[in-house]
Amino acid sequence: MKTLLYVPRMFTRDELQALLPEVPDDFPRTNNEFWTYVSDRLRAVAGQIRWVYTEPDVYPSAAAARDSIAAVVAGLVAAGSKLQVAVDPLLLAEAEAWRDLTRTSPSPVVHELYDDSVRELCRHVVAVVERTLKDGETGVLLLHPLLSISLPDTLRVIKLLPFDPQDYLARQRVLLTRRTAT
């Protein structure tokens, strides 16, 4: 059976700035906690991991906002894993464009087109994983936390994270709402 360790990665500072009025004060500590947990768990099984599936531009360049994920990927590649960009950059750009349009021109048609582009992006990710990961192999999938993906039953999927980044975002939104309401 194929095994996939699925890591909905932590938001970057830039992503939180786009989603919240301000980046929470606890973000550096929370981000470090998240990536320390993931890194420690992956380091324990690094020799068994054949593939690392990522978004574009994660490795080898480690921009300041992505140092944590880049470090995890670099460690796995150094341990012998193969890197595979699983997210098509054109499909990602299309989905981001539709997402931006949903914010400026919200309409049912625009939302439907955005949802369609995200589904196509997810199908592409699944196709890449299914094409490259062979029976008996283990892979790691590191994806944007808001990208909801359905993985096939042909994979044994293990979700690897200390907390859900979407829960962190929701908590911060609630805290900001409470703070501005008082």
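The values are calculated or read from the model by the stated rules, or taken from the named source; none is laboratory data. This one's a predicted model, so the numbers in the text were calculated from it and none came from an experiment. As a convention, Cβ positions derive from the backbone with ideal geometry for all residues, glycine included, and neighbour counts pool all protein chains shown.
At-a-glance table
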{"item": "Single match in 156, 171, 179 (criterion: basic (Lys, Arg), more than 17 Å from residue 69 (Cα to Cα), assigned to a strand (DSSP E or B) and out of contact with any helix residue (DSSP H, G or I) (no Cβ under 9 Å at 6 or more places or on another chain))", "result": "156"}
{"item": "Count - residues of the stretch 116-125 that are buried (at least 19 other Cβ atoms within 10 Å of the Cβ) and either among the hydrophobic types (A, V, I, L, M, F, W, C) or under 21 Å from residue 159 (Cβ atoms) (or both)", "result": "4"}
{"item": "Number of positions in the stretch 172-182 that are at pLDDT 90 or above and surrounded by 14 or more Cβ atoms within 10 Å (Cβ to Cβ)", "result": "1"}
{"item": "Enumeration of residues in the stretch 78-100 that are of a type in the set (Lys, Arg) and either farther than 17 Å from residue 145 by Cα or touching a residue at least 24 places away in the same chain (Cβ under 8 Å) (or both)", "result": "82"}
{"item": "Qualifying positions in the stretch 71-98 - surrounded by 16 or more Cβ atoms within 10 Å (Cβ to Cβ) and part of a helix (DSSP H, G or I)", "result": "72, 73, 74, 76, 77, 91, 92, 94, 95, 98"}
{"item": "Single residue of 113, 133, 121 found to be under 30 Å from residue 51 (Cβ atoms) and either free of Cβ contacts under 8 Å to residues at least 24 places away in the same chain or touching a helix residue (DSSP H, G or I) at 6+ places or on another chain (Cβ under 9 Å) (or both)", "result": "121"}
{"item": "Options 37, 53: the member that is closer than 21 Å to residue 12 by Cα, aromatic (Phe, Trp, Tyr) and crowded, with 17+ Cβ neighbours inside 10 Å", "result": "53"}
